[in-house]
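The values are calculated or read from the model by the stated rules, or taken from the named source; none is laboratory data. All figures in this text were calculated on a predicted structure; none of them were measured in a lab. Neighbour counts run over all protein chains shown; Cβ positions are idealised from the backbone, glycine included. Each accessible area value is taken on the protein alone, full model and side chains, heavy atoms only, with ligands, DNA and RNA left out. Shrake-Rupley method; radii C 1.70, N 1.55, O 1.52, S 1.80 Å.
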Amino acid sequence: MPKSIQIAADALRSPLSHLRPAAVRGDTGLRAAELPNLGYIVLRGRQDDGVFLDAVAAVLGAPLPRKPRSTVRCAAGVVLWQSPDEWWLLCARADRDALVQALEQALQGCFAQVADNSGGFTSLRLQGAAHQRLLNHLSPYDFDQLGVGQCVSTVLSKATFTVLRTDEQGVTLVFRRSFAGYIWQLIERTAVPYGLQLTDAKSCSDAWLAPLLADGKKATRVQPSFA
Amino acid sequence: MTAQRVDVAGARIDTRKKIAFTFDGKACTGYAGDTLASALLANGYLRLARSFKYGRPRGLIGAGAEEPNALVQLEEGAYTVPNIKATQAELYDGLRASSTSGWPSLDFDLKAVLGQASRFMPAGFYSKTFKWPRSFWPAYETVIRKFAGFGSAPTEADPERYDHLHHHVDVLVIGGGAAGLSAALIAGKAGLKTLLIDEQSEFGGWLLSDPKLPVGGAGADAFVRNTLAALDKLPHVTRLARTTAFGLYQDNLVLAVELLQDHLPLGQRNAQQPRQRQHKIRAHQVVLATGAIERPLVFGNNDLPGVMTVSAGHTFLNRYGVRVGQDIVLTGTSDVIYDAANALAAAGAKVSVADPREKAIARRLEPNVTVYQGYAVGEALGRQQVRAARLVKLHPTRDEVVGKGPTLRCDALLSSGGLSPTVHLFCHDGSRPIWNDDVAAFVVPKSGRAGIACAGSVTGAFSLQEALAQTAEAMRKVLETLGVQGEVVVPRSNVPAPQAPRHLFRVPDGKPEGVGSKAFVDYQNDVTAADIELSIRENWQHIEHVKRFTALGFGTDQGKLSNVNGFVITARTLKRPVGEVSTTTYRPAYTPVSLGALAGTMEGATFDPVRTTAIHASHTARNAALEPVGQWMRPWYFPKGNEDLHAAVKRECLAARTGVAVMDASTLGKIQIDGPDAREFLNRVYSNAWSQLAPGKCRYGLMLDENGMVTDDGVTACISDTRFYMTTTTGGAAKVLNWLERWHQTEWPELKVWMTSVTDHWSTVALVGPKSRQVLARLCQDIDLSPEAFKFMDWREGTVAGLRCRVFRISFSGEISYELNVESGYGQALWEAVMAAGADFDITPYGTESMHVLRAEKGFIIVGQDTDGSMTPVDLQMSWALSMKKSFSFLGKRSLSRSDTARSDRKQLVGLLTDDPAHVLVEGAQVIEGADISKVPMPMLGHVTSSYHSPELGRSIAMAVVRGGAKREGERLFVMAGGKVTPVKVSSTVFIDPKGERQNA
């Protein structure tokens, strides 16, 4: 029997993997880096459903954030509030399978949905003195109102994105794979007056998401609550 | 030379910096700080244009945005810009400008010869002439356009960039004159986030034209300097010059354009910066401090070069150091004529003032100023430029001539009819300004409206003292509305009270209207006072009709000098109050905006999102030609060597039908549906039945709108009793998700179901053909691929190429086919693994063109191509997809029984086979009963929806919708396109393997 054909061990490709990041030169007002190959799990459930909330909290080790634009850091990663019935969990890819399984088991019999969307998103960190102004070029949202620990989903030109602020130096943009090429081109051309440098995640780091990257900390071991 | 450069203290030009520029090819010089207009005047140019209709010589009238005549073409080639007002073009080194009217030249204009027959060319003459013979109209149009003048659009791509910037502020102050500066300072000191914008290169507004006006104990120039310095100390206050607010929209959205680099020499512009920027500003409170524009008086020959507004003469002198004449006549309705008279006389001119008021002014006048009290200018005299002014004696209160006056020689004639507040932004919501009889102006309310404060002369507070006091009142309210405390202080301006003005618009000349020399109201469109009266005589009496009949206010100046005069003359002719006649509609943009600024980054490569799948790099590496499908770029065909489309499609289709082929189907919409009511929800949104679909099975579904028309289709798989995986068409994905959400949220919120898009998460590789199973076997060891175990329309989970994969045995080609779904991070790796596994079988990648042919050979519809929103499943011969026994019903079901929807002679989907097998019908071609097309109109039976050459059959095939088509199989019909008629026979839509044996194998 012919040997089964297999893909290479490093075959995983993030949406912006075709770009060529470089080492940062000089003191730049603006730098960007893809935070590649995270896990993205979409969680649907009603915010007023106590059974749902408890089940999820047991798996994640923290309660879901319930205020608009709020986020939560937990052992599994970072949870972004999207709506009264939708959250996005950003996790280490290595934890993704266990988390999906744990959540689905915990939510059996509950009116909820766990949808793995890890192939569908990527994250781009933007940092530097000019990052806020760049956001004001790209999008009509009042980003002055976005504090540390908050996220918002809004429009930029003819696409949508989610903006997460975990520190004062920059933001992380989360957007869909099929729009990634267009969004990067928008950012690149809009940033021309500010001297944007594309670099790697180590030189342009989001403190909350860095541990979730493949070459960050070892993946956390997620204990499903229902064996 | 009439105009002359003079030394004026406080002028805004820098005489140490000489600037060289050209106009109509001739070398000229000016100074830094000049506009093109002031420099042209100083270089002796008086005649700058030829009028639109009559070809009359024209020159500058105003000094700003209100200028109607001096339109120039700036620069050449890729940098050229048409119809810039010379008064708004900042002079820079090497600037090249040319006039935009006058043919063959400004000096000798052919149209002016025709203009002698102006008696036969009043307003409205276009709609009564140039109509016959009809075939001549294109020729007339070419000639008229050439004569009309105005500049040329660029023919080369714009090399400069533009961008947008969004702002969110507490207070936006529009206008940086006395009122605006004061308002911004009050807001800034109160701690409010404030943005101040002004269209000019410098802040100060009218104060720049009258720097010695007393303000706050010093001169206006000191006031401006100190206020700007104070504003710059406040960190949350930003000010932008060269920034024109052009539109005020709902919820206090203001759009403005900033000219970042238009004032720089071409060689000095920074390519890394935008040339112009559109600011999109949301403000809690907008403060309109937009000031007022002076209108001229209307009198005979008031369009001669050298006839200007008083404020223009005053501005050219004080701001640019250009005295517009040596012998100047001034006339007007208020004391402004004396402000200007004194200034011009002090600069060395001989000045005559025709003051139509009865009472003499009690003010010290310069020597060289002579006053003719009780007189107005009845007519300007001259041919190529003004040479004299004929005065008339007016009745003290009525607009009547009671006596002759002297004819005064002059080389400049300045008139002031009063101020017209710049109300436009306030009225962009469709409202009208209010006529105020006391100040003879259309004004905005002093109290503004919710969210909008009005400050200064725009409210009719025309004296500086009044304007500042009113600003304070307005800002007090602004602070109160925003709930902040702050000091509301404005400077005082102690100017002696002016004499009462005399309201005057059309100066009588002792003759009936239309008998004397032409008295122009609108310069850009050659509209005279007589034209307005003509419009009313012809019964075009509503002000909007007067505008359309005469073209009043149509031009690029948008009636800034002309509209109010036109409205008043209309009212007087109708003998109705001005406030009742009112104004025409104010619409954005306040001044012309370049398309580049509107587009920003929405052009070129980023005009629209270009979406690609995770596998895309593999396609471009294999030389795929691409085609747009919605926002996606998909492989269209994969040419080998120098194959054309047809050769590639032939090879790809044959591979799919006889060997193995592979296609990237990742663009289809994919929705994960979860919940105990998932089945019921599917039953309601699809026309067919879902209750019995078992886990591991797939079904093709049709979605109908409420009218029973097909709007989308796709295969949906049952993952578990409470989880379904729905696919949609590529172009319909977002629309379908919205549709599902809409029905769930508004009509069936009790259904427990979730729907989430996973379109980008999954990549789909379709492995197609009789040999596809063998190829899959090389990649997948843990699924039983035997046809008994894995039937058509089953799906299985397994490992393919080492990846966790969902395999769907569904087919859009009619061959054995497996669609492999993996998460997109591995999409490209899977594709390459499939190509490697199929190498021995000569596996052939194919694109959308072959996909279309393959499905058409099987009679499978494509929603949006074979359907157009007006086809039911019955029309499509797909009644099998209707499950009429579902307990709740489904969307569109009831409409299927509507009398028109249930007609048996509706357009129905059929196949068409041409008599000539080599002839491929044109998609969209009309289907008709007979071959004779000489008698039109004739009934159209339908049209061709899909048409291809079939490689397997070696002949053309087509699908069409034809009236009563279901009963016409075998009939002879005809197809017409491009004047040619092709005979066809109606056939089944299934051209290959009618029993479907291949896909089930």
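Going by what's in this entry, would A:Ser118 be described as closer than 19 Å to A:Ala33 by Cα, facing chain B (nearest Cβ under 7 Å) and crowded, with 18+ Cβ neighbours inside 10 Å?
Criteria met by A:Ser118.
One line per residue, one yes/no per condition, for (1) modelled with pLDDT of 95 or more; (2) under 30 Å from B:Gly300 (Cβ atoms):
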residue: B:Gln384; (1), (2): no, yes
residue: B:Asp399; (1), (2): yes, yes
residue: B:Leu413; (1), (2): yes, yes
residue: B:Gly417; (1), (2): yes, yes
residue: B:Cys427; (1), (2): yes, no
residue: B:Ala441; (1), (2): yes, yes
residue: B:Lys446; (1), (2): yes, no
residue: B:Ala455; (1), (2): yes, no
residue: B:Ala467; (1), (2): yes, no
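If you check every pair at least six apart or on different chains, which have Cβ atoms under 8 Å apart with a residue in the stretch A:177-194 that is over 17 Å from A:Phe121 (Cα atoms) first and a residue that is open to solvent by 20 Å² or more (accessible area, probe 1.4 Å) and basic (Lys, Arg) second?
From the stretch A:177-194, the pairs are A:Arg189/B:Arg161; A:Val192/B:Arg161; A:Tyr194/A:Arg133.
Which residue is most open to solvent (accessible area, probe 1.4 Å), if the candidates are limited to the stretch B:507-557 and must be farther than 13 Å from B:Ala123 by Cβ and among the β-branched types (Val, Ile, Thr)?
B:Val515
Looking at the stretch A:137-189 only, could you name the residues that are open to solvent by less than 30 Å² (accessible area, probe 1.4 Å), within 14 Å of chain B (Cβ to nearest Cβ) and assigned to a loop (DSSP other than H, G, I, E, B)?
Passing the criteria: A:Ser139, A:Leu146.
Residue by residue, here is whether (1) among the β-branched types (Val, Ile, Thr); (2) within 14 Å of chain A (Cβ to nearest Cβ); (3) surrounded by fewer than 22 Cβ atoms within 10 Å (Cβ to Cβ) holds:
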residue: B:Ala157; (1), (2), (3): no, no, yes
residue: B:His164; (1), (2), (3): no, yes, no
residue: B:Val173; (1), (2), (3): yes, no, no
residue: B:Gly177; (1), (2), (3): no, no, no
residue: B:Ala183; (1), (2), (3): no, no, no
residue: B:Ile186; (1), (2), (3): yes, no, no
residue: B:Lys189; (1), (2), (3): no, no, yes
residue: B:Leu192; (1), (2), (3): no, yes, no
residue: B:Ser201; (1), (2), (3): no, no, yes
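Residues are listed down the side, and each one gets a yes or a no for (1) farther than 25 Å from B:Gln385 by Cα; (2) assigned to a strand (DSSP E or B); (3) not charged (D, E, K, R):
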| site | (1), (2), (3) |
| --- | --- |
| B:Thr22 | no, yes, yes |
| B:Ala27 | no, yes, yes |
| B:Ala39 | no, no, yes |
| B:Glu67 | no, no, no |
| B:Thr87 | no, no, yes |
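Touching a residue at least 40 places away in the same chain (Cβ under 8 Å) and more than 27 Å from B:Glu652 (Cβ to Cβ): is that true of B:Asp932 in this structure?
Judged against the criteria, B:Asp932 is not a match.
All but one of (1) on the phi < 0 side of the Ramachandran plot; (2) of a type outside the set (D, E, K, R); (3) away from chain B (no Cβ under 14 Å) hold for A:Leu134; which doesn't?
(3)
Go through the stretch B:358-395 residue by residue and tally those that are within 21 Å of B:Val336 (Cα to Cα), open to solvent by 10 Å² or more (accessible area, probe 1.4 Å) and not in a strand (DSSP E or B).
Count: 11.
A:Val42 versus (1) part of a loop (DSSP other than H, G, I, E, B); (2) within 14 Å of another protein chain (Cβ to nearest Cβ): which is the lone unmet condition?
(1)
Name the one entry in A:Arg25, A:Arg20 that is at pLDDT below 95, more than 9 Å from every other protein chain (Cβ to nearest Cβ), under 21 Å from the mean Cα position of the chain (by Cα) and part of a loop (DSSP other than H, G, I, E, B).
Within the list A:Arg25, A:Arg20, the selection yields A:Arg20.
Sort out for me the strands (runs of 3 or more DSSP E) sitting completely within the stretch A:73-129 that have 2 or more residues that are without any contact (Cβ under 8 Å) to a residue 40 or more places away in the chain. Break it down stepwise before answering.
On the way: elements: A:77-83, A:86-91, A:112-116, A:121-127.
Those strands (runs of 3 or more DSSP E) span A:77-83.
On the given criteria, is A:Leu164 at pLDDT 95 or above, over 19 Å from A:Thr28 (Cα atoms) and touching a Cys at 6+ places or on another chain (Cβ under 7 Å)?
Spelling it out, A:Leu164 is indeed at pLDDT 95 or above, over 19 Å from A:Thr28 (Cα atoms) and touching a Cys at 6+ places or on another chain (Cβ under 7 Å).
Which helices (runs of 4 or more DSSP H) does the stretch B:528-585 wholly contain that include 3 or more residues that are farther than 25 Å from B:Asp438 by Cα, touching a residue at least 24 places away in the same chain (Cβ under 8 Å) and not charged (D, E, K, R)?
B:529-537, B:543-550
Restrict the check to the stretch B:718-732 and report whether at least one residue is within 12 Å of another protein chain (Cβ to nearest Cβ), closer than 20 Å to B:Tyr686 by Cα, in contact (Cβ under 8 Å) with a residue 12 or more places away in the chain and buried (at least 23 other Cβ atoms within 10 Å of the Cβ). It would help to see each step written out before you state the result.
Narrowing the stretch B:718-732 to residues within 12 Å of another protein chain (Cβ to nearest Cβ): B:719-720, B:722-725, B:730.
Among the residues that remain, those that are also closer than 20 Å to B:Tyr686 by Cα are: B:719-720, B:722-725, B:730.
From what is left, the residues that are in contact (Cβ under 8 Å) with a residue 12 or more places away in the chain are B:719-720, B:722-725, B:730.
Those still in the list that are buried (at least 23 other Cβ atoms within 10 Å of the Cβ) too: B:724.
Yes, because at least one residue in the stretch B:718-732 is within 12 Å of another protein chain (Cβ to nearest Cβ), closer than 20 Å to B:Tyr686 by Cα, in contact (Cβ under 8 Å) with a residue 12 or more places away in the chain and buried (at least 23 other Cβ atoms within 10 Å of the Cβ).
In the stretch B:148-167, what count of residues is obtained for those that are in a loop (DSSP other than H, G, I, E, B) and not small (Gly, Ala, Ser)?
Total meeting the criteria: 8.
Condition check ((1) at pLDDT below 95; (2) within 14 Å of another protein chain (Cβ to nearest Cβ); (3) open to solvent by 10 Å² or more (accessible area, probe 1.4 Å)) across all residues:
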| position | (1), (2), (3) |
| --- | --- |
| B:Val736 | no, no, no |
| B:Leu740 | no, yes, no |
| B:Trp743 | no, no, yes |
| B:Lys752 | no, yes, yes |
| B:Gln774 | no, yes, yes |
| B:Ala777 | no, yes, yes |
| B:Gln781 | no, yes, yes |
| B:Ala789 | no, no, yes |
| B:Arg809 | no, no, no |
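Among the numbered criteria (1) in contact with a Lys or Arg (Cβ under 6 Å, 6 or more places away or on another chain); (2) under 21 Å from B:Glu473 (Cα atoms), which one does B:Asp163 miss?
(2)
If I filter the stretch B:576-614 down to residues being facing another protein chain (nearest Cβ under 10 Å) and β-branched (Val, Ile, Thr), which single residue comes out as nearest to the chain's Cα centre (by Cα)?
B:Thr601
For the subset of the stretch B:670-695 comprising residues that are of a type in the set (Gly, Ala, Ser) and open to solvent by less than 10 Å² (accessible area, probe 1.4 Å), which member is nearest to the other protein chains (Cβ to nearest Cβ)? Full working, then the answer.
Quick first cut of the stretch B:670-695, residues of a type in the set (Gly, Ala, Ser) only: B:675, B:678, B:687, B:689, B:691, B:694.
Right, trim to open to solvent by less than 10 Å² (accessible area, probe 1.4 Å) and you get B:675, B:678, B:687.
On the way: B:Gly675: 6, B:Ala678: 10, B:Ser687: 25 Å.
Per the stated criteria, the residue is B:Gly675.
What pairs can you find where one residue is in the stretch B:4-18 and open to solvent by 40 Å² or more (accessible area, probe 1.4 Å), the other is among the β-branched types (Val, Ile, Thr), and their Cβ atoms are less than 7 Å apart, with a gap of 6+ or different chains?
B:Arg5/B:Val322; B:Lys18/B:Thr29
Read through the list (1) crowded, with 22+ Cβ neighbours inside 10 Å; (2) in contact with a Leu (Cβ under 7 Å, 6 or more places away or on another chain); (3) more than 12 Å from chain A (Cβ to nearest Cβ), then give the number of the only condition that B:Arg699 fails.
(1)
Checking the structure you have, find out if any residue of the stretch B:870-883 is crowded, with 23+ Cβ neighbours inside 10 Å and within 14 Å of chain A (Cβ to nearest Cβ).
No, the stretch B:870-883 contains no residue that is crowded, with 23+ Cβ neighbours inside 10 Å and within 14 Å of chain A (Cβ to nearest Cβ).
What is the one condition in (1) open to solvent by 30 Å² or more (accessible area, probe 1.4 Å); (2) more than 30 Å from B:Asp531 (Cβ to Cβ); (3) in contact with a strand residue (DSSP E or B) (Cβ under 9 Å, 6 or more places away or on another chain) that B:Pro592 does not satisfy?
(2)
Does at least one position in the stretch B:819-828 carry a residue that is more than 14 Å from chain A (Cβ to nearest Cβ), open to solvent by 10 Å² or more (accessible area, probe 1.4 Å), in contact with a Ser or Thr (Cβ under 6 Å, 6 or more places away or on another chain) and at pLDDT 95 or above?
yes
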